[in-house]
Amino acid sequence: MIAFALRRIASMIVVLFALSVIVFLIFFATPGIDPARQMAGRNATPETLAAIRSNFGLDRPLPVQYLTMMDRIVVKRDIESYSNRGVQVIPQIIAAAPVTFSLVFGAAVIWIFASIGIGLLAASLRGTIWDPLLMGVSLIGVALPVFWLGEVANLVTQQRFHDTFLFSWVPPLGYVPLTEDPIGWFTHLVIPWLVLSVLFVGFYARVLRSDIVSSENEDYVRTARSKGITERRVLLRHQLRTSMITFVSLFGLDFAALVAGGALLVEVVFGLPGVGRLTYLSLAGLDLPVIMTTVLYGAFFIVVASALVDILYAFLDPRTRTA
Amino acid sequence: MLSLVVLLVIIIATLLAPVYASRIAKTDPFASNLSGTIVINGQTVPVIQPNPTGLGSTPIGPTWQAQYFLGADTQGRDVAARLLYGGRASLIVGVAAAVVACLIATIIGLLAGFSGGMIDATISRLLDIVWAFPIYLLAIALSTVLLVQGLSIGPIAVDPGSLWLPVIIIGFVFVPYVARPVRGEVLSVRRRDYVEAAIAQGARRRRLLFKEILPNVLPSVIVIFPLMIAACILTESALSFLSIGVQPPQASWGTIINGGQAQLYTRPMVSISAGLMIAITILVLNILGDGVRDALDPRAKLRLRRRGRAQA
Amino acid sequence: MSSTPLLEVVDLRVEFETESGPVTAVDGVSFVVDDGSVLGIVGESGSGKSVTMMSVMGLITDPNARITGSIQYRGQDLLALDRDEWRSIRGTEIAMIFQDPMTSMNPVYRVGWQIAEQINAHTSLSRKDVHLRVLELMHQVGIPDAEQRIDDFPHQFSGGQRQRLMIAMALSCRPRLLIADEPTTALDVTIQAQILELIQTLTAETESSVVLITHDLGVVAEMADSVQVMYDGRIVEAGTTATIFNDPRHPYTWGLLGSMPRVDRPRPERLTTIPGAPPSPHDRQPGCVFAPRCVHHQPACDVSPPLTERTGDGHLDACILPLDERASLRAAVLAPTGVADER
């Protein structure tokens, strides 16, 4: 087990290195691109361009450029925005991270419970009209563009029905830290949580249902039935338990991808000052240092999270543990 | 079956966009028409109505008649006409990006699965890494780099405003989602008895690749294709919504929703109609994709697992 | 002999509704299992032998399946029971072991837990007693170091050991009837005999009856008191093991016996084969199910011959050939019995 974890961590470090190289190549070595002009943002002065060139060693060979970039982003952590002069990027990201985490965490709680509930319900109601109905609704959930769903939610809760008893409690768009006002934190985030979780509820419910239904043909499920344990126990302890293996490994990666920046659309629509919105705001000015740093940190977060998922996965599926 | 009909209706409608714009709506969907007027119930009404307070103005809402059927946007342009043109761009980008992704992925997957050894290890690792990236992060990184100066590799130059840019970006982002299953399929086909028999008979590599392996891998690519189109359209709309996808003056469903944000509370029909079009298109593509899968490859369920994240 | 047998199946019929029409997997099967006896059910794959016994266990959960007839367990019709009543019989009164021990256990639970789960479902023993019972069972089925291995996962055991664990599980509540569905097919030849012997000794101790499903006539000859031969969802011949092996009456049984190499008979030039392939259950013809492949096929076979007892010794067969002609016809397929090997 420990050997497995160590091996996984070693491979994680290799991937981290490769990722940083890819990010570097995208921003510094895309053919036909002048990285200085990119980084300076729109309407840059020649002085800024020259400063950037020397700051990032752009006249030196690529490996040196790579090291300079990594030094400024990871070691010195003093990379700063050019279009938004002098603002340091890393503190901004650190300030935005709790917002993103709050958003994704709440949505994840909803999507875990709702999708397990719907998936189990549909699987156990197989043969009735409810199964295709639940799966059809889930498929619609998967098809809705999340940013659009967010806008419609805003339209309904902020304006059209805001003055009715249904949504009068919904505060204006924005964010309140949990530590300042737990109730405000909750009310500000409920609608974003629901919107963000819709896609995942639909998708996970479908995956879970199909896993449970196909486990119906597994020999060990037949064995479980032959033991004379209750149907409920067969479903929960045997079929659901083994189907959770896929569920958990998917969940880890999706959760990580959302924290790393995938929740950007929801943050933008609901005006939540998270990491994704930070990226979005810098898009308008093509503020490359910010984008580059958020992309790199997001990618790092995902790689670390997926290593953790693999180690957790080994706990869930004993076959991989000793293999 | 119903989904196929719906999809065909959408495609034909968007193909007829120019006819609608010139014959029925009689407006140019790409030129602003701030001082335009239309006739409703015999009365001439301006397309952009000044607000009673004197501050700002409001575009006309849905008229439910031939001109300005769904109302106007802030530029006074016919929303219905833009919706059809936008659908054209969305579908073209979605399909082209899916073709790009599947084509590159098939080649890479075949190469990796067929060569094995170091080549396979390197390619698989690279695919894993790109795959680990959140779709939007990678697309944003590529878009920001390419949108300023365009893409030029040797003789190929792509203008920053071209539809090709989102096609290339989205297509590239989705390569691992197709290449990984293709590679897996190549490996499993290679282990099948008849292929091992062909190898034992000393079949030439090229013959093996094109006669034995490719025909067996193609069905899984075909199965993924409609789902890829759906994922690409969704990604395009999101990037366009963030204004780093399809660039003005071109319109896509994503840019229409983006433009509609400003008038969401006064004229919500702009955003709602475009979003509904996306949702319906994605829904029918997903249903269709499931149908194709059931018809071609009933055991493919496992391989499409990652679809969720692709659309997140 | 007591008036009610342990298990009596009467005119059991199992149909599956499929996209290409209904498929009859079991077509009017009747048989009896007495207390303490071993019944062998023989047939090729797809002959309905597993489906028959799965229906007895109530393990056919496919919503498209339709089961008719009656399954009397000690005078109680199982098909009339509700889910919970049937469940309380399954695992305690009737238990089952399956073909592939590699996939029959849930990979994510420890083996001790899996055996204990069955005991817990049917008894109210304390945790400690259940633990002791599991250890006892593991000892009985011959797992060395049971104390250490009770918390291992299935993948840490060999195939033979896993089948032993499955047997431990099946016998954990001392069932009256054990159904063994091809229990040795997936195992190495060297392990097969050990597993069969284990089943034999353990069920003898508890005086349980056994229904042994197999396509291996050697296994049947060794274990079973009586045999029934199934073909395409029907029983074509049934009787005591001795009569079936010494005086097989149905041409299909001849084919089965002829295709099996034996050491107690003269070695034939080559083993006989049965011409043709097993029928597809989709296009079932009226008449004898074996007729399309039978070399003695005649027009009268197109009317289904019933399974009848012709000699008054409990030996049933479903063939219209005159009894006195069969010996000579059989000789063409099988070498006569009792002749010593002339090597």
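Read the figures in this text as sums done on the coordinates, not as results from a lab. Because the structure is a prediction, the values reported are computed rather than measured. Methodologically, a virtual Cβ is constructed for each residue, glycine included, from the backbone with ideal geometry; neighbour enumeration extends over all protein chains shown.
Compute the normalised compactness of chain A: alpha-carbon radius of gyration over 2.2 N^0.38 Å, N being the residue count.
Ratio of Rg to 2.2 N^0.38 Å for chain A: 1.20.
Given a Förster distance of 30 Å, report the FRET efficiency between C:E17 and C:R74 from their Cβ-Cβ distance, rounded to the nearest 0.05.
So, using R0 = 30 Å, E works out to roughly 0.40.
Taking 7 Å along the Cα-to-C-beta vector as the label spot, tell me the A:Q88-C:E44 distance in nanometres, rounded to one decimal.
Those two pseudo-labels are separated by 8.0 nm.
What value, in deg cm²/dmol to 500, does the helix sum -39500 (n - 2.57) over DSSP H runs of n ≥ 4 give at 222 nm once divided by the residues of the protein assembly as shown?
The helix-only estimate for the protein assembly as shown comes to -17000 deg cm²/dmol at 222 nm.
Kirkwood hydrodynamic radius (Cα pairs, Å) of the stretch C:60-120?
For the stretch C:60-120, the Kirkwood estimate is 14.1 Å.
Starting at 0 and stepping by 20 Å, how many percent of the alpha carbon pairs of the protein assembly as shown end up in each bin?
11, 34, 30, 18, 7, 0
How large is the translational diffusion coefficient of the stretch A:161-264 in µm² per second when you combine the Kirkwood radius over alpha carbon pairs with Stokes-Einstein at 10 °C and 1.306 mPa s?
Estimated diffusion coefficient is 93 µm²/s.
With Kirkwood's inverse mean 1/r over C-alpha pairs for Rh, give me the Rg to Rh ratio of the stretch C:127-166, two decimals please.
0.95
Between the stretch A:44-118 and the stretch A:182-257, what is the separation of their alpha carbon centroids in Å?
Cα centres, the stretch A:44-118 to the stretch A:182-257: 34 Å.
How big is the equivalent ellipsoid of the stretch C:25-106 along its three axes, where each semi-axis is √(5λ) from the Cα gyration tensor, reported in whole Å from largest to smallest?
Values: eigenvalues 71, 58, 51 Å².
Gyration-tensor ellipsoid for the stretch C:25-106: 19, 17, 16 Å.
Based on the Cβ-Cβ distance from C:A193 to A:V109, what FRET efficiency comes out when R0 is 56 Å, to the nearest 0.05?
So the FRET efficiency works out to roughly 0.50.
Just counting partner chain Cβ atoms within 10 Å, what average do the residues of peptide A:98-111 show around their Cβ?
The per-residue average across the peptide is 0.
For C:M105, C:M223, what ranking results if the residue with the fewest other Cβ atoms within 10 Å of its Cβ goes first?
Fewest to most other Cβ atoms nearby, the residues stand as C:M223, C:M105.
Using a Gaussian network model of chain C whose springs link C-alpha atoms within less than 10 Å, name the residue from C:R310, C:R162, C:R234 with the highest mean-square fluctuation.
The residue that fluctuates most here is C:R310.
On a 0 to 90° scale, report how tilted helix A:2-28 is relative to the longest principal axis of chain A, with both axes built from alpha carbons and the result rounded to the nearest 10.
Between the helix axis and the principal axis of chain A, the angle is about 50 degrees.
Each label point is 7 Å from the Cα along the Cα-to-Cβ direction; what then is the distance between the points at C:L81 and C:H297, in nm?
4.2
Round to the nearest 10 and give me the degree value, 0 to 90, for the angle of helix C:159-170's Cα axis relative to the longest principal axis of chain C.
Between the helix axis and the principal axis of chain C, the angle is about 80 degrees.
Let a ≥ b ≥ c be the square roots of the eigenvalues of the Cα gyration tensor of the stretch B:154-281; is it rounded (a/c under 1.5), or, if not, prolate (a/b larger than b/c) or oblate?
Prolate.
Label-point separation (nm) for B:R206 and C:D100, each offset 7 Å from Cα along Cα-to-Cβ?
Placing both labels 7 Å beyond Cα along the Cβ direction yields 4.1 nm.
Over the stretch A:181-323, what is the relative contact order in whole percent, taking alpha-carbon pairs under 8 Å and six or more residues apart?
21
Would you calculate the volume per residue, in Å³, of the smallest convex hull containing every Cα atom of the stretch A:214-323?
135
Just to be sure I follow the rule: in the protein assembly as shown, considering lysines 8 or more places apart or on different chains, how many pairs have Cα atoms under 30 Å apart?
4
Which of C:K49, C:K128 has the fewest other C-beta atoms within 10 Å, and how do the rest follow up to the most?
The order, fewest Cβ neighbours first, is C:K128, C:K49.
Over the alpha carbons of the stretch C:1-143, what is the largest minus smallest coordinate on each principal axis, giving the biggest first in Å?
So the extents along the principal axes, rounded to whole Å, are 50, 42, 30.
Over the whole of C:88-97, what's the average partner chain Cβ count within 10 Å per residue? Rounded to a whole number, please.
3
Nothing charged except the Cβ atoms of Lys and Arg (+1) and of Asp and Glu (-1): what's the magnitude of the dipole of the protein assembly as shown about its Cα centre? Round to the nearest 20 debye.
That gives the protein assembly as shown a dipole magnitude of about 3180 debye.
Return the single residue from A:E151, A:E47, A:E216 with maximal mean-square fluctuation; model: Gaussian network over chain A, springs between Cα atoms under 10 Å.
Of the options given, A:E47 has the highest mean-square fluctuation.
Based only on Cα atoms, what mean projected area does the convex hull of chain C have, in nm²?
If you wrap the Cα atoms of chain C in a convex hull and average its projections, you get 19.6 nm².
Hey, if you drop one equal point scatterer on each alpha-carbon of the stretch C:186-258 and run the Debye formula without solvent, what base-10 log of I(q)/I(0) do you get at q = 0.11, 0.22 Å⁻¹?
-0.31, -1.04
For chain C, give the magnitude of the charge dipole about the Cα centre (Cβ charges: +1 Lys/Arg, -1 Asp/Glu; no others), in debye to the nearest 20.
Magnitude of the dipole: close to 300 debye.
Grab the beta carbon distance between A:V75 and B:L187, set R0 = 41 Å, and tell me the FRET efficiency rounded to 0.05. Write out the running numbers ahead of the final one.
Working: r = 41 Å, r/R0 = 0.99.
Here the calculated transfer efficiency is 0.50.
Fewest first, what order do A:W148, B:W253, A:W193, B:W164 take by the number of other Cβ atoms within 10 Å? Write out the running numbers ahead of the final one.
Working: A:W148 26, B:W253 32, A:W193 22, B:W164 17.
Least to most surrounded, the residues fall as B:W164, A:W193, A:W148, B:W253.
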